[in-house]
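Below is one structure, written out as structure tokens, with a few remarks after it.
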Amino acid sequence: MLWSALSSVYGAALPRFRLSMSGSDLSQARRSMSGSDLPRFGRSMSGSDLPRFGRSMSGSVELRVSPERCLFDDPLRLEVIGLIPGQEVSLRTELTDEGGEPFTSLGRYRAGSGGDLELSRSPALEGGTFTGVEAEGPLWALEPRNGMRRMVKKDVRSPLTVRFSLHQEPAGDVLSTAVQERSFLGEGVSRIPVREGRVRATLFIPPGPGPFPGIIDLYGTGGGLMEHRASLLANYGFVTMALAYFGYDNLPSHLGGLHLDYFREALEFLKQYPKVNKQEIGIIGLSKGADLAITMATFLPGIKAVVSICGCNANTMAPLPCDGFVLPCLEFRPEKVKLTETGELDCSESMDDPMDPVFQDCLIPAERSSASFLLLSGLDDENWPSASYSKQFVARLKEHKKEVESYYYPGAGHLLEPPYFPLCKASHHKLLGMPIIWGGQLRAHAKAQEDAWKKILRFFSKQLKANTAAHSHL
């Protein structure tokens, strides 16, 4: 039965998902990122940075969140005025995803001598889902009602609404409320579905004439089309292509149907797009998408920068036909898969060992690539040993004097997403048909996501140079 569940990764296709274009060419806005001068389009969807005053239930206490509308990876600015000095309150935060699943967090606070709270300075007390001075704690500490839920934003044209409520402790009376919309598409960023030849993807185009650097974005064995990371990257001046490669539209329904030619076709489409600088192309991939990103940079010309997130140094899960040869793969060994006491699959030791001489042909010869590499791994990755894979990959590249950066995050799990995405320690894998463990510790994983995002943006801005005056500082 376990082998049947695992082998279903080569099974059914996902339903077709129809999308349409949105966005317009409005003015460019910029955002500072802790000393970084990366451009940022559409910081506020309303164009306003004025604070939103929460509705007060007591008539005197005000919960303020600003701006009223922002991008999903923007920092949180939240404060409370009008409390009694030393008054104890709780801040409850709720976000409901597209599937109707509520994610909630709780912070407990004590008002300062002036009767105010500012999350960037006021420490959260024991008894909530986070503690200490954590300005973004209400966001990164969000937890699903169903413990095995992964929050995925499929329709990036609409924002996610975050609701905040301030409660008196211990009675629990509501003192004030506030709402913030956190969006994925900045001002002027266009979303263009792609159905060209065999390629099934979505392009995100920054405002302005371009040309812009281009980035291909790949996710893992869940299949389908994932747009949230690509849409956020476009806000920084990159044309990004969220690329599906199985389980979507009329693409193969399983990983066994992959071929390098498909990725070549997608790459050529991106390079020929009018607003893309074909000399400045990068790829970012997570999990299985990471080894595909490395493979593309190895066997396809014209890729300058690769970000591998919790990936492997070998081809995995399905042989990949290339030009005149087939790249063999590491496979799961079902006899090594464990079941936890709560019924999740633990696949952390089930993959073939890429350093076993028997599987040397599965290793990706990335030293052939002219690209620069950035590798990011979680040391609490319970899906597979991505940190070990990364170290093996780095050693191989350095042996050939290739440029590579690598970072390892204690307490971070497998699903390293953009900032403020809730930690997913385990979730139901739609192709396996069973829940699977991903790993990660709440605070450590959140901090890793924030740091990794900054490193990704800086890496791409350094390696992919824009050739227009408007973006010459990238």
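The values are calculated or read from the model by the stated rules, or taken from the named source; none is laboratory data. Since the structure is predicted, the reported quantities are computational estimates derived from the model, not experimental observations. FYI the Cβ positions are ideal-geometry reconstructions off the backbone, even for glycines, and counts take in every protein chain you see. Side chains included, ligands, DNA and RNA excluded: accessible areas come from the protein's heavy atoms. Shrake-Rupley method; radii C 1.70, N 1.55, O 1.52, S 1.80 Å.
Just a few scattered comments:
- Region 348-384, residues that are open to solvent by less than 40 Å² (accessible area, probe 1.4 Å), outside any loop (DSSP other than H, G, I, E, B) and either farther than 19 Å from Phe332 by Cβ or at pLDDT below 95 (or both): Met351, Ala366, Glu367, Ser372, Phe373, Leu374, Leu375, Leu376, Ser377, Gly378
- Residue in region 177-185 that is open to solvent by 40 Å² or more (accessible area, probe 1.4 Å) and touching a strand residue (DSSP E or B) at 6+ places or on another chain (Cβ under 8 Å) present: yes
- Annotation: Pro144 fulfils all but one of (1) within 26 Å of Gly439 (Cβ to Cβ); (2) touching an Asp or Glu at 6+ places or on another chain (Cβ under 7 Å); (3) open to solvent by 40 Å² or more (accessible area, probe 1.4 Å); the unmet one is (3).
- Residues (farther than 22 Å from Ala444 by Cβ and under 21 Å from the mean Cα position of the chain (by Cα)) located in region 372-403: Ser372, Phe373
- The residue list Ala395, Ala446, Ala387 contains one member that is at pLDDT 95 or above, of a type in the set (A, V, I, L, M) and in contact with a helix residue (DSSP H, G or I) (Cβ under 6 Å, 6 or more places away or on another chain), which is Ala446.
- Among residues of region 130-150 that are within 23 Å of Ser183 (Cα to Cα), those with a beta-carbon under 6 Å from a residue that is open to solvent by 60 Å² or more (accessible area, probe 1.4 Å) at least six positions away or on a different chain give the pairs Ala135/Ser120.
- Within region 285-319, considering residues that are outside any helix (DSSP H, G or I) and over 22 Å from Met355 (Cβ atoms), the one most open to solvent (accessible area, probe 1.4 Å): Pro301
Conditions tested, residue by residue: (1) in contact (Cβ under 8 Å) with a residue 60 or more places away in the chain; (2) touching a strand residue (DSSP E or B) at 6+ places or on another chain (Cβ under 9 Å).
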site	(1), (2)
Cys322	yes, no
Glu331	no, yes
Thr342	no, yes
Leu376	yes, yes
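- Complete set of residues in region 232-265 that are open to solvent by less than 10 Å² (accessible area, probe 1.4 Å), assigned to a helix (DSSP H, G or I) and farther than 23 Å from Glu331 by Cα: Leu232, Leu233, Ala234
- Test: residue in region 397-417 that is among the small types (Gly, Ala, Ser) and surrounded by 22 or more Cβ atoms within 10 Å (Cβ to Cβ): yes
- Condition met for Lys278 (farther than 16 Å from Leu327 by Cβ, assigned to a strand (DSSP E or B), open to solvent by 10 Å² or more (accessible area, probe 1.4 Å) and touching a strand residue (DSSP E or B) at 6+ places or on another chain (Cβ under 8 Å)): yes
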